[in-house]
Amino acid sequence: TTVKTMVVEASALPDTLIAYAVPPTKLRLVALLGQIKQWLSNQAAKLVIFTLCCDSVDYLHRLFTTHPEFKQLGLNFVRLHGSLEQAERIASFKQFTQAKQPACLICTDVAARGLNLERVTGILQWDAPCDLVDFLHRTGRTGRLGDQEGGQSVLLLQPSEREYVNLLAEKGVRLKPLKFDPLIAWLRNVKLAAQGKAVEKAAKEEDEAEEVPASLRAHHAQWQQQLETFIKNDRILFDLAKLAYTSTLRAYAT
């Protein structure tokens, strides 16, 4: 695909469709959980999470299907990548597309092109794609398939990856920034429920702040620590996490 074609495709994307967020690296899992929770306000939610590597898909899929906080979301988590047997890939695709309840597909770019994924309400790019063209193919899974309302695509960057937004802008793809805090607003609701309405005013002031207050960030860090402890205590999950990390590094290196 030429740069000119990419710019044309980018201009066809709805203005409200694409956004990015840059949570602290040590709070990425909390941001992921918070974004999923936010999208689940839509009872017909169909979500897709893109990663660079098959190992990352396997890691996130096991985390989502074993950790109590993810399991209670009521989502049907499905994985899809090129290292699966063809029969399993077909079964995963049917399981996701034919799901009658909210569902989440965790996949590599094998699902970014050629698959007809209708009524997708949320795309989360856990890893930024190495090829800028792949960004459009991923985003194109929602909002350009005839849906009247379309969906939303969120690129979850690490602080060291901020320049990626400028690279996209040079190709005509302009993303709207999302504050980290709104992605995990549900955590504030948990906090409010525990402490009562007396802290509502303080929470509102936190919403208006440019940065996440230290008190709220500490609360988020507790959730992150809980997730990390769960991963460390599950030997299979811990090994998958290490494989996902090294595989992602190799993918960027190549």
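The values are calculated or read from the model by the stated rules, or taken from the named source; none is laboratory data. Because the structure is predicted, anything quoted here is derived from the model rather than measured. Side chains included, ligands, DNA and RNA excluded: accessible areas come from the protein's heavy atoms. Shrake-Rupley method; radii C 1.70, N 1.55, O 1.52, S 1.80 Å.
Can you work out the accessible area per residue across the stretch 15-80, with the rest of the protein chains kept in place, probe 1.4 Å, in square angstrom?
Per residue, the stretch 15-80 has an accessible area of 35 Å².
Quick one: 3J(HN,Hα) in Hz for the stretch 50-55, Karplus 6.51/-1.76/1.60 with θ = phi - 60°, rounded, Gly and Pro as x.
Values, residue by residue: 9, 10, 7, 10, 4, 5 Hz.
Which percent of the accessible heavy-atom area of the stretch 54-175 goes to carbon and sulfur, probe 1.4 angstrom?
44
Please calculate the 1.4 Å probe accessible area of Arg113, with all protein chains present, and give it to the nearest 10 Å².
120
Check which residues have an amide H placed less than 5 Å from Ile49's amide H, if you skip close sequence neighbours.
Counting only residues 5 or more places away or on other chains, the set is Leu105, Ile106, Cys107, Leu124.
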